[in-house]
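Novice: This is the structure I have questions about; it appears just below.
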Amino acid sequence: MIEPTKHLLKLSDWDAAQIISTLNLADQLKYEKKHGISHPILAGKTLGMIFQKSSTRTRVSFEVGMSQLGGSALFLSSRDLQIGRGEPVEDTARVLSRYLDGIMIRTFEQKEVEDLADYGSIPIINGLTDYAHPCQVMADLMTIRERKGNFKDLKLCFIGDGNNMANSLIVGCIKVGMAVSIACPAGYEPDADIMAWAKENGEFACSPDVLAMATGADVVYTDVWASMGQEGEAELRIKAFSGFQVNAAVMDVAKRGAMVLHCLPAHRGEEITAEVLEEHADEIFEEAENRLHAQKAVMVKLMK
């Protein structure tokens, strides 16, 4: 039986207090890093990083984060592991649990992450699946709170594909008390169960009407139209999402002083205009930096 609080598999497993506590620790670790205060909290610990999807921010932030915490990180690509040649995930979980103190995995199926947690005996961190991206949303929440002071009475509008980012943003934002609106084309909505949960537990709306969803938003968020593994759908998606761009018209209906976030990489001229991205570059790249601090906090919470 999986112990949800021993892992970070998806944000629906964590309650608001756990999320806020981890964000508070992330703020502390960021402060210490910027002031040259070392924090070798995980000295002697080793994190295994399994990558079945390539990455820039996930790999670098976890690897650097473990180093700053006094531990070490081991890069494990699917090409190098027997799991890439058909070894059952339950066997991989049992073996790696005897070598490592924690595992971060970036893969396709959420079930693979859940199976690692079910059969292993060490903390598992979801570095991304097609269903969820909890580490990114922890960094997003950290950035929002830094810029806005708190979460009270804030609204986040996500524009684009109802993908893993949308799923995790809905859960994370509603758990900390924010309202959420999603603007996406018909047929590209977030997970139905997550939307049902959101309607029961917070203020939530989903519609193809971009300007209606963005009206009054304190935070406007977007992501690429075609994620990894969807490259074959790129042309189809460009047509489907042509009206779902973060641009001047969207920012005109958002709240004055609204911030813009993007989990990166960004395709200027598609999901966001170059002008809006550059105007909000400080927020977007602070968000990218905060992956490091938020993930360090997650690792400390789970691996200490």
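Novice: Confirm whether Val224 is touching a residue at least 40 places away in the same chain (Cβ under 8 Å), within 30 Å of Ile122 (Cβ to Cβ) and of a type outside the set (Gly, Ala, Ser).
Specialist: No; evaluated as a whole, the condition is false for this residue.
Novice: Going residue by residue through the stretch 107-126, is there one that turns out to be within 30 Å of Asp282 (Cα to Cα) and crowded, with 24+ Cβ neighbours inside 10 Å?
Specialist: yes
Novice: As an exercise: evaluate Gly232 against (1) assigned to a helix (DSSP H, G or I); (2) among the small types (Gly, Ala, Ser); (3) within 23 Å of the chain's Cα centre (by Cα) and give the number of the one condition it does not meet.
Specialist: (3)
Novice: A further question on this structure: Inspect all residues belonging to the stretch 239-252 and state whether any of them is in a loop (DSSP other than H, G, I, E, B) and charged (D, E, K, R).
Specialist: No, the stretch 239-252 has no match at all.
Novice: Still on this structure: Being over 13 Å from His267 (Cβ atoms) and β-branched (Val, Ile, Thr) is the filter; apply it to the stretch 201-248 and report the residue that is surrounded by the most Cβ atoms within 10 Å (Cβ to Cβ).
Specialist: Checked the stretch 201-248; the qualifying residue surrounded by the most Cβ atoms within 10 Å (Cβ to Cβ) is Val220.
Novice: Let me spell it out: the conditions are (1) within 20 Å of His133 (Cβ to Cβ); (2) among the β-branched types (Val, Ile, Thr); (3) free of Cβ contacts under 8 Å to residues at least 60 places away in the same chain, and Ile37 meets all of them except one. Which number is the exception?
Specialist: (1)
Novice: When Ala17 is evaluated against the numbered criteria (1) closer than 28 Å to Gly172 by Cβ; (2) surrounded by 16 or more Cβ atoms within 10 Å (Cβ to Cβ); (3) hydrophobic (A, V, I, L, M, F, W, C), which criterion, by number, is the only one it fails?
Specialist: If we test Ala17 against (1) closer than 28 Å to Gly172 by Cβ; (2) surrounded by 16 or more Cβ atoms within 10 Å (Cβ to Cβ); (3) hydrophobic (A, V, I, L, M, F, W, C), just (2) comes out false.
Novice: Pairs only if they're at least six apart or on different chains, beta carbon under 7 angstrom, first in the stretch 275-304 and within 30 Å of Ile103 (Cβ to Cβ), second of a type in the set (Phe, Trp, Tyr); list them, first residue then second.
Specialist: Gln295/Phe62
Novice: Exactly one condition in (1) assigned to a helix (DSSP H, G or I); (2) crowded, with 17+ Cβ neighbours inside 10 Å; (3) in contact with a Leu (Cβ under 7 Å, 6 or more places away or on another chain); (4) among the aliphatic types (A, V, I, L, M) is not met by Val64; state its number.
Specialist: (2)
Novice: Scan the stretch 39-61 for residues that are of a type in the set (S, T, N, Q), part of a loop (DSSP other than H, G, I, E, B) and closer than 21 Å to Ala139 by Cα and report the count.
Specialist: Residues that pass the stated criteria total 3.
Novice: Tell me which residues, restricted to the stretch 80-130, are closer than 17 Å to Lys304 by Cα and in contact with a Cys (Cβ under 9 Å, 6 or more places away or on another chain).
Specialist: Those that are closer than 17 Å to Lys304 by Cα and in contact with a Cys (Cβ under 9 Å, 6 or more places away or on another chain): Met104, Ile125.
The rows are residues; the columns are (1) without any contact (Cβ under 8 Å) to a residue 12 or more places away in the chain; (2) out of contact with any Gly (no Cβ under 9 Å at 6 or more places or on another chain); (3) of a type in the set (D, E, K, R).
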| position | (1), (2), (3) |
| --- | --- |
| Ser77 | no, no, no |
| Gly86 | yes, yes, no |
| Ala93 | no, no, no |
| Leu100 | no, no, no |
| Phe108 | no, no, no |
| Glu112 | no, yes, yes |
| Asp115 | no, yes, yes |
| Pro123 | no, no, no |
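Novice: Related question: Regarding Ile284, is this residue modelled with pLDDT of 95 or more and either within 15 Å of Pro185 (Cβ to Cβ) or in a helix (DSSP H, G or I) (or both)?
Specialist: So Ile284 passes the test.
Novice: Here is a follow-up. Give me a count of the residues in the stretch 259-279 that are part of a loop (DSSP other than H, G, I, E, B) and either polar (S, T, N, Q) or surrounded by fewer than 21 Cβ atoms within 10 Å (Cβ to Cβ) (or both).
Specialist: 7
Novice: Could you please give the count of residues in the stretch 20-38 that are within 23 Å of Ser168 (Cα to Cα) and either in a loop (DSSP other than H, G, I, E, B) or modelled with pLDDT under 95 (or both)?
Specialist: Here the count works out to 0.
The values are calculated or read from the model by the stated rules, or taken from the named source; none is laboratory data. Please read all numbers here as calculations on a predicted model, not as lab measurements. Note that we place each Cβ from the backbone using ideal geometry, even for glycine, and neighbour counts take in every protein chain shown.
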